[in-house]
1. Can you say whether residue 103 is more than 29 Å from residue 174 (Cα to Cα), acidic (Asp, Glu) and at pLDDT 85 or above, as far as the supplied structure shows?
2. With 164, 157, 138 as the choices, which residue is charged (D, E, K, R) and surrounded by 15 or more Cβ atoms within 10 Å (Cβ to Cβ)?
3. Among helices (runs of 4 or more DSSP H) lying entirely in the range 66-150, which contain 1 or more residues that are free of Cβ contacts under 8 Å to residues at least 40 places away in the same chain and within 19 Å of residue 46 (Cα to Cα)?
4. Filter the range 113-149 down to the residues that are in contact with a Leu (Cβ under 7 Å, 6 or more places away or on another chain) and among the hydrophobic types (A, V, I, L, M, F, W, C) and list them by number.
5. Please find, within the range 1-43, the residue that is most open to solvent (accessible area, probe 1.4 Å) out of those that are at pLDDT 75 or above and of a type in the set (D, E, K, R).
6. Quick test for you: out of 94, 123, 106, pick the one residue that is surrounded by 12 or more Cβ atoms within 10 Å (Cβ to Cβ) and either in contact with a helix residue (DSSP H, G or I) (Cβ under 6 Å, 6 or more places away or on another chain) or of a type outside the set (Phe, Trp, Tyr) (or both).
7. May I ask you to list the residues in the range 126-178 that are within 30 Å of residue 27 (Cβ to Cβ) and among the β-branched types (Val, Ile, Thr)?
8. Return yes when residue 89 is at pLDDT 75 or above and either closer than 19 Å to residue 113 by Cα or not charged (D, E, K, R) (or both) and no when it is not.
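The values are calculated or read from the model by the stated rules, or taken from the named source; none is laboratory data. Keep in mind that what you see is a predicted model, and the values were worked out from it rather than measured. Here the Cβ positions follow ideal geometry from the backbone for every residue, glycine too, while neighbour counts run over all protein chains shown. Note: accessible area is taken over every heavy atom of the protein model, side chains too, but ligands, DNA and RNA are not part of it. Shrake-Rupley method; radii C 1.70, N 1.55, O 1.52, S 1.80 Å.
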Amino acid sequence: EALLDELRETQARGETITPAMISRAAAVVAEAHSEAIRPTIIHSLQEMALVGVTAAADAFEGAVNFTLDWTLANTYAADWARTYGGQLITNMDATTKARIGAEVGAWAEAREGYPDLLKRIQAIIDDPRRAALIAQTEPTSAYAAGNEAAWRQEEDELGVVIVEVWNTANDDLVCPIC
């Protein structure tokens with residue numbers, strides 16, 4: 001909580017929240033990875049991400065003098081999940097994969113949190129560990145593909161080229177190529 005407060009204070013002062021600050025916060029959280037406090041860790045990480053997204057949104061809107069509705073559901077991610085969700089899941093029948101895709105799509109539109117998605121997946125799959133893994137990986141695939149589809153549409157509509165930029169923590173965990 002102290003790290004989260006520090007990030008909020010940094011944002012309130014109008015200062016930039018740097019990747020190094022987020023990395024430091026993540027390292028502290030990683031040290032305390034006990035299953036007993038896992039829900040608290042997940043909540044803290046979600047809150048830190050929200051603080052970072054809010055800061056980026058504020059900076060963006062101030063820089064371009066343009067306001068966006070950041071509360072909209074990612075319909076591209078939801079559509080992708082319904083169409084392609086579950087493709088990478090192994091040892092599972094097509095019907096179950098389709099059910100998972102439908103649940104991830106509904107979850108994305110509802111803008112629910114990870115615990116809600118986990119409950120949705122656990123209602124389909126009896127193995128709690130596998131359900132947790134799927135609940136972590138499927139939304140990542142859906143949002144990545146959905147965001148790319150949205151970017152491509154914006155490129156076409158606006159006549160601009162969107163360039164992907166990858167940022168790393170630039171620490172010893174980053175591979176030499178990155």
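1. yes
2. 138
3. Here the list reads 94-110, 114-122.
4. Of everything in the range 113-149, those that are in contact with a Leu (Cβ under 7 Å, 6 or more places away or on another chain) and among the hydrophobic types (A, V, I, L, M, F, W, C) turn out to be 131, 132, 135.
5. 13
6. Checking each option against the conditions leaves just 106.
7. Scanning the range 126-178 gives 134, 137, 140, 163, 165, 168, 174, 177.
8. In short, yes.
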